[in-house]
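Heads up: the structure comes next, in structure tokens.
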Amino acid sequence: MIELGGNIKLVGFKDLDPSQLIVVKKMIGTYAKKISQSNEFQELSLHLKAIHKNPEKDSNVKYELQAKVIIDGKPYNSEITDFNLFYAMDRVLTKLIDSCKEQ
């Protein structure tokens, strides 16, 4: 598990190469800032799981991402599965922000 700033947790991201991890951290920071502009959150966590991984071809990895944010003690969740990690992160975090706004 990787902790960013105390209230942001990344689970399953240790297997990514350093260049991918840099982009992941920047994306998380951007979305955490968007969430905190409208609400003060206690915790933001992102769980990454590589599924359908082909050891011969790194490009055929399908990622499952689960995001959770706790705002005022109330949890909000979203989940996405996609082949492109960064696209999946964008979608899962956008869904998470949208679900917070609906409530």
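Odds and ends about this structure:
- Residue-averaged 222 nm ellipticity for the chain, from DSSP H runs of 4+ at -39500 (n - 2.57), nearest 500: -13000 deg cm²/dmol
- Tail weight of P(r) past 16 Å, computed on alpha-carbon pairs of the chain, percent: 55
- Mean Cα-pair separation over length for the chain, i.e. relative contact order, pairs under 8 Å, 6 or more apart, %: 21
FYI, it's all coordinate maths here, none of it is from the lab. Computed from a predicted structure; not experimentally measured.
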